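See below for the structure under consideration.
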Amino acid sequence: KKIQPWREIKEWKYNDWMGWWDQGDGKLFYGLHVENGRVKDEGDFRLKTALRVIVDTYNLPMVMSPTQSIIIRDIDPKDKDDIEKILADHGLKPIEEVDPLNRLAMACPALPLCGLAQTEAERKMPDYLAQMRSLLNKMNLSDEEILMRMTGCPNGCARPYMAELAFVGDGPKSYQVWLGGSPVLTRTAFPFKAKMKNTDLEATVEPILAMFIQQRQNFEAFGDFCHRVGAEAIEAFSASYVPGSVKAIS
Ligand code: SF4
């Protein structure tokens with residue numbers, strides 16, 4: 001069968017549909033961010049119980065989103081305040097208070113749930129996100145939104161190969177680093193580093209962010225920048241980078 005010619009994708013905007021939306025028939029829907037897709041109760045954070053209360057009280061249909069979150073549909077506008085209160089009472093932040101890095105990120109279940117996992121993902125991602133937040137703040141890049149993904153093996157169930165920055169598990173406490181996907185997930189990333197130990201995250205990413213600060217064009221996104229300059233240029237820059245020597249002008 002003849003392969004059809006390449007078709008251009010129209011420009012489009014990524015939208016995760018989190019927060020409150022009018023669904024067009026007088027009802028509302030609410031996109032509830034679920035970090036790495038894990039519905040759980042843990043200390044004061046009681047997402048599982050909150051969902052139970054919402055289902056028992058309102059019997060609303062829910063949809064799992066392709067970014068591991070939940071869309072609660074068919075909400076009567078008069079119930080909006082009460083549902084917000086249920087979520088707040090169970091320790092859930094409104095979407096405006098969720099760090100954009102966390103909101104964009106995804107990790108697969110990996111250890112201990114997946115027999116193919118070579119290392120952690122869902123349980124490690126919060127630590128990586130915290131380190132990335134700290135690094136971005138330190139380099140005066142706190143407003144940057146970088147789409148990150150992590151998986152426990154190269155099967156790539158959290159779609160790391162389209163992310164701006166991705167970590168693909170390849171052994172105990174070790175990840176491949178992928179760069180250059182687009183913020184709207186329309187481009188495949190490239191492998192940048194074959195192995196990065198957990199302890200080397202900052203040392204690996206800081207030089208790339210420094211190059212991004214110095215060489216980005218206009219308001220280029222991080223993934224678009226990496227795609228434009230390519231792996232070789234980033235490697236060369238990283239080799240001569242002095243840690244702590246570059247910050248964005250605040
Ligand atoms: S990416 Fe690998 S470790 Fe993660 S869920 Fe898929 S198969 Fe399992």
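Counted as qualifying within segment 163-250 are the strands (runs of 3 or more DSSP E) with 1 or more residues that are at pLDDT 95 or above and more than 20 Å from the chain's Cα centre (by Cα), namely 165-171, 190-197.
For segment 1-28, a tally of residues being assigned to a loop (DSSP other than H, G, I, E, B) and without any contact (Cβ under 8 Å) to a residue 40 or more places away in the chain returns 13.
Among the conditions (1) within 12 Å of the ligand (Cβ to nearest atom); (2) within 17 Å of L104 (Cβ to Cβ); (3) of a type in the set (S, T, Y), the only one that Y128 does not satisfy is (1). Regarding E84, is this residue at pLDDT 95 or above, among the acidic types (D, E) and surrounded by 16 or more Cβ atoms within 10 Å (Cβ to Cβ)? Taking the combined requirement at face value, the residue does not satisfy it. Restricting segment 131-153 to residues that are over 15 Å from L179 (Cα atoms) and near the ligand (Cβ under 9 Å from one of its atoms), the residue that is nearest to the chain's Cα centre (by Cα) is G152. Given the criteria away from the ligand (no atom under 16 Å from the Cβ) and touching a strand residue (DSSP E or B) at 6+ places or on another chain (Cβ under 6 Å), does T204 qualify? Spelling it out, T204 is indeed away from the ligand (no atom under 16 Å from the Cβ) and touching a strand residue (DSSP E or B) at 6+ places or on another chain (Cβ under 6 Å). Would you check if V177 is within 9 Å of the ligand (Cβ to nearest atom), open to solvent by less than 10 Å² (accessible area, probe 1.4 Å) and under 16 Å from K197 (Cβ atoms)? Here the answer is no, as V177 does not meet what is asked.
Tallying residues that are farther than 19 Å from L129 by Cβ and open to solvent by less than 40 Å² (accessible area, probe 1.4 Å) within segment 193-212 yields 3. In segment 78-96, the residues that are in contact (Cβ under 8 Å) with a residue 12 or more places away in the chain form Cβ pairs under 9 Å with partners that are open to solvent by less than 80 Å² (accessible area, probe 1.4 Å) and of a type in the set (S, T, N, Q), at six or more places apart or across chains, as follows: H90/T49.
Which one of these is free of Cβ contacts under 8 Å to residues at least 60 places away in the same chain, assigned by TED's automatic domain parsing to the domain that holds I213 and not in a strand (DSSP E or B): R133, R149? Let's see the steps before the verdict.
Numbers: R149 fails: not in a strand (DSSP E or B).
Only one candidate qualifies: R133.
Scanning segment 53-67 for residues that are part of a loop (DSSP other than H, G, I, E, B) and open to solvent by less than 50 Å² (accessible area, probe 1.4 Å) gives L60, P61, S65, T67.
The values are calculated or read from the model by the stated rules, or taken from the named source; none is laboratory data. Being a predicted model, the structure only gives us computed values, none of them experimental. Note: ideal-geometry Cβ built from the backbone for every residue, glycine included; neighbour counts use all protein chains shown. All accessible areas refer to the heavy atoms of the entire protein, side chains included, with ligands and DNA or RNA removed. Shrake-Rupley method; radii C 1.70, N 1.55, O 1.52, S 1.80 Å.
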